[in-house]
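Before any comments, here is the structure.
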Amino acid sequence: MSCKHKRELFLLTRNSNNPILKLYYKVYCKILMNVINEAEKVNYNRRILESSTKPKTTWNIINELLGKQHSSNDIQKLTIEGSHLTSQHDIANSFNKYFSSIIDKLNCNTSDKSSLKNSSTYCNKNQNPPMVFTFFQHMK
């Protein structure tokens, strides 16, 4: 109703040279903007307070205000040495295995020469094949 009244005032002030009416319109616009801003704050606070996951809800509100759309970055298919994995569980296990082995490789590369002689067979044993990522967009 307030926005409708504002539009009516705008039409009146546009067609009038009355300075008092124009001043009234400006003041009305300012008050209406403050009311709208306060209503938005109350709405966002209510959404956050009623949420069971407050940080997630807060970020959803921030992304909504920034106009960001939620996109899914799920990996649909993973190819390791010619075998194709499509199960999310299998893909997660492959990532876990791959990234767990990296620390061993880093330790082998950064260790001094005396410890490298003792661990060289251990380091070669943990070599994993390179991973190939394929991204498929969801059709909606």
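Throughout, read-outs are computed from the coordinates displayed, never taken from laboratory work. Fair warning: this is a prediction, and the values are worked out from it, not measured in the lab.
Odds and ends about this structure:
- Gyration tensor (alpha-carbon) shape descriptor, the range 2-66, a/c threshold 1.5: prolate
- Tally of Lys pairs whose C-alpha atoms are under 30 Å apart, taken over the range 38-100, 8 or more apart or cross-chain: 9
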